[in-house]
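Step one of this worksheet: look at the structure below.
The values are calculated or read from the model by the stated rules, or taken from the named source; none is laboratory data. Every value quoted in this text rests on a predicted model; they were computed, and no experiment measured them. Counting neighbours? That spans all protein chains shown, and the Cβs are built from the backbone with ideal geometry, glycine included. Heads up: the accessible areas ignore ligands, DNA and RNA and are worked out on the full protein's heavy atoms, side chains in. Shrake-Rupley method; radii C 1.70, N 1.55, O 1.52, S 1.80 Å.
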Amino acid sequence: MRHGVNPYAREGDIRALMLAAGVEVASGPSAVGLYDLSCTPGIAVDEAFAQLAAATDIIESVSRIDE
């Protein structure tokens, strides 16, 4: 997955969301501020994606990417 965060989101809120969704940063940020994420073992990509997509106050964009 690839995501961009709200520039006004607090770091603690971003970390808490990522922990709750079961994802971690695989690489980034890119030149345009996007991060590639990977799911931690046992976490379904669809569930993590839905949780990130629902957090519109923290996440500006989230997309699935081919690995």
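About its Cα centre, what dipole magnitude does the chain give when the only charges are +1 on Lys and Arg Cβ and -1 on Asp and Glu Cβ, stated in debye to the nearest 20?
120
Quick one: which residues, 5+ away or cross-chain, put their amide H under 5 Å from the amide H of E60? H built at 1.01 Å from N.
G4, V5, N6
Please report the relative contact order for the chain, taking Cα pairs under 8 Å with a sequence separation of at least 6, and give it as a percent rounded to a whole number.
The value is 46 percent.
Loop-only check: which trypsin sites (Lys or Arg not before Pro) in the chain are DSSP coil with at most 13 other Cβ within 10 angstrom?
Loop-located and lightly packed - R10, R64.
I'd like the FRET efficiency for A26 and A54, computed as 1/(1 + (r/R0)^6) with the beta carbon distance as r and R0 of 25 Å, rounded to 0.05.
0.75
Accessible area per residue for the chain in Å², computed with a 1.4 Å probe and the full protein assembly in place, what is it?
66
Return the tail of the calculated pair distribution for the chain, meaning the percent of Cα-Cα pairs more than 17 Å apart.
31
At a 1.4 Å probe, what is the % contribution of carbon and sulfur to the accessible area of the chain?
For the chain, the apolar C and S fraction of the accessible surface comes to 52 percent.
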